[in-house]
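Report on the structure given below.
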Amino acid sequence: MTIVLTIAALTLQEASRRKVLRSLGVLTAVLLALSAWGFSEISSDYGGLTSGEAKVAGSTVLNLVMFGFSLIAALGTAFLAGPTLSGEVESGVALAVMTRPIRRMQVLTGKWLGLVAFGTGFVTVAGVAQFVIVHLTVDYWPPHPVTGLALLAGQTAALLTLGVLFSTAISPMASGIVAVGLFGATWIAGVVGSVGDALGNPSVAMVGTVSRMLLPTDGLWRGAMNSFQDPALLAQIGSGVEESPFLSMQPLTGVYLLWAAIWTALVLSLAAVSFQRRDL
Amino acid sequence: MTDSPAVWASHLRKRYKNRTAVDGVSFTVGRGEVLGLLGPNGAGKTSVIKMMLGLVRPDAGEVMLLGRPHTDPGSRARVGYLPELFRYQPWLSADEVLRLHVRLAGLKIGDRDRRESLALVGLADRAKDRVGGFSKGMQQRLGLAVALVAAPELVVLDEPTSALDPLGRADVRDLLLSLKDRGVAVLLNSHLIGEVERVCDRVVILDHGRVAASGTLAELLGRRSLRLSLTDVTAEAAAILEPFTRDGDVYTVALPEDVPALVADLVKRGVRVHAVEPARMSLEDRLLEVLRENS
Ligand SMILES: Nc1ncnc2c1ncn2[C@@H]1O[C@H](COP(=O)(O)OP(=O)(O)O)[C@@H](O)[C@H]1O
Ligand SMILES: [Mg+2]
């Protein structure tokens, strides 16, 4: 366990000392500033968040911004996950480390843990900052902020686990790109699925359901959105909302959460097997 | 436990795709012994080392490190390794790299010992600097410190002087000699044959993934001889040199017990002695000979 924690701490240290952190910080600050501006515009246009329209606008924009954060978190961790494993193998940094009396599994788990901690930390800091901005500008506070942030962290963890799996087999850059590409693809598939739902076309709706099973990032993201938006508002405006990629009707089921956890564990085990067999 | 050799490797074999890199290599390194691993580029030296240390999966064969099977990570607890491709976390300082390795080795080694390790390789004043700003030679020096920091009983050095200046090479030679004095076993892969000849007890020569020759230096290089540069050699004088080989004025004989007596004898018989030097086939000549025979 000390080994796992040592490697996790090292991974956090790496994240904090690499340029990734600075780029993340800048992107986040830009997004926060833009959203603060946007919300204050909404607030002045509608004269506060009283009308239904304003609530829809507020919730949508909040989710849009949170989507931006989840994208930043996904990109950031996926591009950290690549270098941290396959980058170290390629550069040779792994050689001296792996010949210490440690197991590869411990190194992999440690890196994973460090990345999850990093992703969770980022999502929490950026998310809370965003909530504060929304609260100050349009006097809105999401109904389940903790659940929502936990689901966002889960989404980040799922994606970076996939990034870790890829990085045991392919080059660092490629693994980041493939992971982010799949993330985008499932998000689009999710949007396609909800359009199918709205049109009452079950086979199109299937696209979203299946992709949400294959890569749970989009499902977790929808759950997160659901925890950020005002439940009264959906009841108020009724159907038609499902078409929007930035509003979500249903909270997540326990079964889906369980599946997301199993999925992550499976992918991590696959990564461990793949890394174990790899010649360094 | 300490009766077991530092390394016992048996019938190691490795194929990469359709190229056989290592083909049935066996050898041992005794406790406290310095073994030189020689051979041309692509002979399979690095592959053997990587299989030993669990970095590369052998297709066949077994390895014991310090008395434990090499599949047990614990077998590497007292092993230090300088890879051929030496790179360390560029975002850490030299001292942080050492601290990391000490922690991974499961040891408690104080600040002073770490500082000493860095001083040993000439990096004492760079302890706080990021490794990313180090030159290649400095990184190789750091790699040596990493290999030595966790009280090793076996040190594996894969071309430890490839990036070092002449001073650094001399430092490495001194380091090797001090390891030998302390009874630390060393597996040394180096192209600086002169160094190998100076510090190694035994040598294994690899070629095309197989052991082409192995043995102590005396076994590999034969008995020592004496080379004399002589003129005015009479038949009578030649008789006392017998048996000898001759190349112009240079006569080579087996090293006699009493060199001054032989020289006095020759001078008494009117031979003019220009030079007398002990000789032995150099390891380099022997290596070339083995590799030529092998091809
Ligand atoms: N990762 C690898 N993939 C494919 N071939 C390799 C790999 N590593 C080594 N080889 C091949 O194995 C042979 C032995 O290489 P190596 O052990 O590095 O030799 P040496 O260290 O003696 O120069 C070479 O022919 C080399 O091309
Ligand atoms: Mg080599």
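With all protein chains present, how much of the accessible area of chain A (probe radius 1.4 Å) comes from carbon and sulfur, to the nearest whole percent?
Details: 8180 of 11450 Å².
Carbon and sulfur atoms account for 71 percent of the accessible area of chain A.
List, by residue number, every residue in the stretch A:87-101 with a reduction of 50 Å² or greater in accessible area between the chain on its own and the complete protein assembly, 1.4 Å probe.
SASA drop of 50 Å² or more in the stretch A:87-101: A:91, A:93, A:95, A:96, A:99, A:100, A:101.
Calculate the length of the line joining the C-alpha centroid of the stretch A:84-136 to that of the stretch B:235-295, in whole Å.
The distance from the Cα centre of the stretch A:84-136 to that of the stretch B:235-295 comes to 67 Å.
Can you tally the net charge around residue B:202? Count Lys and Arg as +1, Asp and Glu as -1, for every other residue whose Cβ sits under 9 Å from the Cβ of residue B:202. It would help to have the intermediate numbers written out before the result.
On the way: positive: none; negative: B:33, B:201, B:219.
For residues surrounding residue B:202, the net value is -3.
Antiparallel DSSP bridges in the stretch B:7-220: what percent, to the nearest 5? Don't skip to the answer; put the middle values down first.
Values: 22 of 39 bridges.
Antiparallel: roughly 55 percent of the beta bridges in the stretch B:7-220.
Ignoring solvent entirely, what values of log10 I(q)/I(0) come out of the Debye formula for the stretch A:1-43 at 0.15, 0.23 Å⁻¹ when each Cα is a single scatterer?
-0.55, -0.75
Compare B:201, B:113 by solvent-accessible area with a 1.4 Å probe and give them largest first, with all protein chains kept in place. Before the final figure, lay out the partial values.
On the way: B:201 55, B:113 80 Å².
Sorted by accessible area, descending: B:113, B:201.
Heavy-atom accessible area per residue, the stretch B:224-294, 1.4 Å probe: how many Å²? Provide the component values of the computation, followed by the final result.
Working: 4470 Å² over 71 residues.
Spelled out: the 1.4 Å probe surface of the stretch B:224-294, per residue, equals 63 Å².
Could you tally the net charge around residue A:185, taking each other residue with its Cβ under 15 Å from the Cβ of residue A:185, Lys/Arg +1 and Asp/Glu -1? Spell out each step's value before the answer.
Numbers: positive: A:212; negative: A:218.
Summing Lys/Arg as +1 and Asp/Glu as -1 gives 0.
Let's see if you can work this out: charge +1 on each Lys and Arg Cβ, -1 on each Asp and Glu Cβ, no other charges. What is the dipole magnitude of the protein assembly as shown about its Cα centre, in debye to the nearest 20? Don't skip to the end; give the middle numbers.
Working: 54 positive and 52 negative charges, 109 e Å.
For the protein assembly as shown, the charge dipole is close to 520 debye.
Given N residues in the protein assembly as shown, what is its alpha carbon radius of gyration divided by 2.2 N^0.38 Å? Present the calculation step by step, with values, prior to reporting the outcome.
Working: Rg = 33.7 Å, N = 575, 2.2 N^0.38 = 24.6 Å.
In units of the 2.2 N^0.38 Å rule of thumb, it is 1.37.
Defining a contact as two alpha carbons under 8 Å apart and six or more residues distant in sequence, what relative contact order in percent does the stretch B:32-107 show? Don't jump to the answer; show the numbers that get you there.
Numbers: 34 pairs, mean separation 12.1, N = 76.
It rounds to 16 percent for the stretch B:32-107.
Given a 1.4 Å probe and no ligands, DNA or RNA in the count, how much accessible surface is buried by A and B, both sides, to the nearest 100 Å²? Provide the component values of the computation, followed by the final result.
Values: alone 12870 and 15240 Å², together 25360 Å².
By this definition, chains A and B bury close to 2800 Å².
With every protein chain left in place, what is the accessible area per residue of the stretch B:91-145 in square angstrom, probe 1.4 Å? All intermediate terms of the calculation are to be shown ahead of the outcome.
Numbers: 2600 Å² over 55 residues.
Per residue, the stretch B:91-145 has an accessible area of 47 Å².
Normalised by the number of residues in chain A, what is the relative contact order in percent for Cα pairs under 8 Å and 6+ residues apart? Before the final figure, lay out each step's value.
Values: 386 pairs, mean separation 68.7, N = 280.
Answer for chain A is 25 percent.
Between A:44, A:194, A:35, find the one with the highest GNM mean-square fluctuation for chain A; connect C-alpha pairs within less than 10 Å.
Judging by the Gaussian network model, the answer is A:44.
Using Cα pairs under 8 angstrom and six or more residues apart, how large is the relative contact order of the stretch B:7-220, in percent? Intermediate values should be presented prior to the final figure.
On the way: 423 pairs, mean separation 63.9, N = 214.
Relative contact order comes out at 30 percent.
Accessible area per residue of the stretch A:82-221 at 1.4 Å probe, in Å²? If you can, show how the numbers build up before the last one.
Details: 4890 Å² over 140 residues.
Using a 1.4 Å probe on heavy atoms only, each residue of the stretch A:82-221 averages 35 Å².
With helices defined as uninterrupted DSSP H runs, which ones in chain A have an alpha carbon span along their own long axis of at least 27 Å and mean Kyte-Doolittle hydropathy of at least -1.0? It would help to have the intermediate numbers written out before the result.
Numbers: long enough: A:19-46 (40 Å, 0.89); A:52-82 (44 Å, 1.33); A:104-138 (50 Å, 1.28); A:145-167 (32 Å, 1.56); A:172-199 (41 Å, 1.45); A:254-277 (35 Å, 1.42).
Flagged H segments are A:19-46, A:52-82, A:104-138, A:145-167, A:172-199, A:254-277.
Any chance you could check the stretch B:98-118 for residues losing 10 Å² or more of accessible area when the partner protein chains are in, compared with the chain on its own (1.4 Å probe)?
Buried-area filter returns B:100, B:101, B:103, B:104, B:105.
Give the percent of DSSP beta bridges with both residues in the protein assembly as shown that are antiparallel, rounded to the nearest 5. Walk me through the numbers before you get to the answer.
Working: 38 of 55 bridges.
The antiparallel fraction comes to roughly 70 percent.
What is the total of Lys pairs in chain B with C-alpha atoms under 27 Å apart, excluding same-chain pairs fewer than 8 positions apart?
13
Using unit Cβ charges (K, R positive; D, E negative) and no other charged atoms, how large, in debye to the nearest 20, is the dipole of the stretch B:116-233 about its Cα centre?
Here the size comes out at about 60 debye.
What does the accessible area of residue A:118 come to, in Å² to the nearest 10, when a probe of 1.4 Å is used?
30
With charges set only on the Cβ (+1 for Lys and Arg, -1 for Asp and Glu), what does the dipole of the stretch A:2-277 come to about its Cα centre, in debye to the nearest 20? Mind dumping the intermediate values first?
On the way: 12 positive and 12 negative charges, 256 e Å.
That gives a dipole near 1240 debye.
Restricting to DSSP loop positions (anything but H, G, I, E, B) with no more than 15 other Cβ atoms inside 10 Å of their own Cβ, which trypsin sites (Lys or Arg not before Pro) remain in the stretch B:45-125? Display every interim value, and only then the final one.
Numbers: sites: B:45, B:50, B:76, B:78, B:87, B:99, B:103, B:108, B:112, B:114, B:115; in loops: B:78, B:87, B:108.
Here the sparse-neighbourhood loop sites are B:108.
Treating the angle as unsigned and between 0 and 90°, give the value, to the nearest 10°, between the Cα long axis of helix B:111-120 and the longest Cα principal axis of chain B.
Approximately 30 degrees, to the nearest 10.
Treating the Cα atoms of chain B as identical point scatterers in vacuum, please give the log10 of the normalised Debye intensity I(q)/I(0) at q = 0.07, 0.09 Å⁻¹, two decimals.
-0.35, -0.54
May I ask you to give the percent of accessible area on chain B that is carbon plus sulfur, with a probe radius of 1.4 Å? If you can, show how the numbers build up before the last one.
Values: 6680 of 13910 Å².
Roughly 48 percent, rounded to a whole number.
With all distinct Cα pairs included, what does the Kirkwood hydrodynamic radius of chain A come out to in Å, to one decimal, could you say? The partial results should precede the final answer.
Details: mean 1/r = 0.0511 Å⁻¹.
19.6 Å is the Kirkwood radius here.
Just the ratio, please: alpha-carbon radius of gyration of the stretch B:224-294 over 2.2 N^0.38 Å, N its number of residues. Walk me through the numbers on the way to the answer.
Values: Rg = 14.0 Å, N = 71, 2.2 N^0.38 = 11.1 Å.
Scaled against compact globular proteins, the figure is 1.26.
Comparing the chain by itself with all protein chains present, which residues of the stretch B:61-83 are at least 20 Å² less accessible (probe 1.4 Å)?
B:73, B:76, B:79, B:81, B:83
Could you order A:133, B:240 by accessible surface area, starting with the largest, using a probe radius of 1.4 Å? The partial results should precede the final answer.
Numbers: A:133 30, B:240 55 Å².
So the residues, ranked largest to smallest area, are B:240, A:133.
Give the average, rounded to an integer, of partner chain Cβ atoms located within 10 angstrom of each Cβ in B:87-96. Display every interim value, and only then the final one.
Numbers: counts 8, 6, 9, 5, 7, 5, 0, 0, 0, 2.
Averaged over the peptide's residues, the number is 4.
Using a Debye calculation, one point per C-alpha and no hydration shell, please list log10 I(q)/I(0) for the stretch B:38-161 at q = 0.09, 0.10, 0.21, 0.23 Å⁻¹ in order.
Log10 of I(q)/I(0), two decimals: -0.26, -0.33, -1.21, -1.34.
The values are calculated or read from the model by the stated rules, or taken from the named source; none is laboratory data. Treat the numbers as computed from the prediction; the structure is a model and nothing was measured. Glycine also receives a Cβ, built like all others from the backbone with ideal geometry; neighbour counts cover every protein chain displayed. Heavy atoms of the whole protein, side chains included, go into the accessibility calculation; ligands, DNA and RNA do not. Shrake-Rupley method; radii C 1.70, N 1.55, O 1.52, S 1.80 Å.
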